[in-house]
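As structure tokens, the structure follows; a few thoughts come after it.
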Amino acid sequence: EKPFKIAVIGSGNWGTTIAKVVTENAKQYDKLFYPIVQMWVFEEEIEGEKLTEIINTRHENVKYLPGIRLPSHLVANPDLLDTVKDADILVFNIPHQFLSRIVSQLKGHVPPTVRAISCLKGFELGDKGVQLLSSFITDELNIQCGALSGANIAMEVAKKKWSETTVAYQMPEDFRGKGKDVDHQVLKALFHRPYFHVSVIDDVAGISIAGALKNVVALGCGFVEGLGWGNNAAAAIQRVGLGEIIKFGQMFFPESSVETYYKESAGVADLITTCSGGRNVKVGKMMAKTGKTALECENELLNGQSAQGIITSKEVHDWLVTCNKVEDYPLFEAVYQIVFNNVSMDKIPEMIEELDSLG
Ligand code: NAD
Ligand code: 13P
């Protein structure tokens, strides 16, 4: 049978890292996968040279994943439609604010037999209300899409330091028994490495909600750390944040399972790693220390990378306003008000205080 051909859409810090992971596996399992992997690059020039040319000749993404050698059969491609041509599996991995534009460019160019995995963290907010990014891809392109999410700071995975992740995928309902398709074993072969341990489950909603919302919590954690309030305060933010993540899942995506949050890498483990060393926590800390805006800190700190919690906090706020549920999520709302309305960070404790019977 023909091997699966893989295309990765995105080449940022995580996009390039995951492209490296799947290319290593494509080489190892050369009967299951076509060994050359295409990676779409949003083209830019670096000191007069195209980033795609740098990646294809020096095998390094000098801007978004510097210092990491990439496999030579990973091909950087600036043409989106050429990247996905004849692909059987699409791995989406771009900052989520760019997803709807990319998907609209792909419309009509992807056959329904193609399968997809979204490695993005965030939500799509549109006519259908708040949507998982995988559901958005499925609806727009008419292809089955799962998700990959976990406690995965990209640079650590790129350096082959051991970590775990969760992949969630549901087989298309009309598929069973109709020949070769992507199943949990294929996905495990695609993403699992000796240094990157994959668990494959069904709960796409649970892992996606946890992955999106922990970025908002991490900003809050950065605020209290930047204010010098210490570890106890950071733990308090994570405790309240986890509660709001679970509540959000149960309220808006009842198909998600509470177990996922504590059993899977995509749950509490991702919250912990992001709050310890992720980009969102760094942005929150810098905001607290300098008084600069979130976007100024993102620009100054991240060299073109994105702290997804900034726009996720707005998506969540807008959705909660629509549903008249803002008061049920005081931490998410506090982060939004601090980031977008310049509310003082000092107010966090009173903003998230749970009023009890003594109050
Ligand atoms: P990133 O933060 O490194 O963003 C930079 C990328 O965005 C570059 O490839 C750049 O070319 C691209 N870009 C800039 N402008 C663009 C445009 N107009 N259209 C399309 N692309 C554009 O990206 P990343 O770290 O690869 O993150 C991708 C997703 O993975 C995010 O949702 C993120 O939350 C998630 N994620 C990241 C990490 C991590 O440690 N970096 C880990 C897990 C998940
Ligand atoms: P940041 O985007 O905050 O760096 O978090 C990365 C991540 O998602 C770790 O799993």
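Computed values, structure above
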read-out	value
Solvent-accessible area per residue for segment 293-339 (1.4 angstrom probe, square angstrom)	43 Å²
Unsatisfied cross-links (Cα-Cα over 21 Å) in the set Lys128/Lys314; Lys188/Lys282; Lys20/Lys63; Lys31/Lys180; Lys107/Lys128; Lys27/Lys160	Lys188/Lys282
Diffusion constant of the chain at 10 °C, which comes from Stokes-Einstein with the Kirkwood Cα-pair radius and 1.306 mPa s, µm²/s	77 µm²/s
Those Cys residues of the chain for which no other cysteine Cβ falls under 4.7 Å	Cys119, Cys145, Cys297, Cys323
Tensor-based shape of segment 21-65 (alpha-carbon gyration tensor, a/c under 1.5 rounded, otherwise prolate or oblate)	prolate
Cβ crowding within 10 Å averaged over residues, with 205-217, 136-148, 339-351 ranked highest first	205-217, 136-148, 339-351
Whole-percent carbon and sulfur share, accessible surface of the chain, 1.4 Å	50 percent
Per residue accessible area in Å² of segment 207-259, where ligands, DNA and RNA are left out and the probe is 1.4 Å	35 Å²
Rounded if a/c under 1.5, otherwise prolate or oblate - segment 124-278, Cα gyration tensor axes	oblate
Share antiparallel - DSSP beta bridges, the chain, percent rounded to 5	30 percent
Which of Ile117, His59, Phe191, positive extreme of dipole for the chain (C-beta unit charges)	His59
Burial order of peptide ranges 314-322, 149-157, 165-173, 249-257 (average beta-carbon count within 10 Å, highest first)	149-157, 165-173, 314-322, 249-257
Mean Cβ neighbour count within 10 Å, used as a protection proxy, ranking 126-134, 45-53 highest first	126-134, 45-53
Cα-based reach from Lys289 at 16 Å (exclusive), listing aspartates and glutamates while leaving out same-chain residues under 8 positions away	Glu225, Glu298, Glu300, Asp346
Student exercise, segment 1-55 dipole from Lys, Arg, Asp, Glu Cβ charges, in Debye to nearest 20	480 debye
P(r) of segment 234-359 over all Cα-Cα pairs, binned every 5 Å from zero, in whole percent	2, 10, 18, 22, 22, 15, 8, 2, 0, 0
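The values are calculated or read from the model by the stated rules, or taken from the named source; none is laboratory data. Predicted model only: the values in this text are computed from it and were never measured. Cβ sites come from the backbone with ideal geometry, for glycine too, and all protein chains shown count toward neighbours. The protein model used for the area step is the full one, side chains on, heavy atoms only, and it has no ligands, DNA or RNA in it. Shrake-Rupley method; radii C 1.70, N 1.55, O 1.52, S 1.80 Å.
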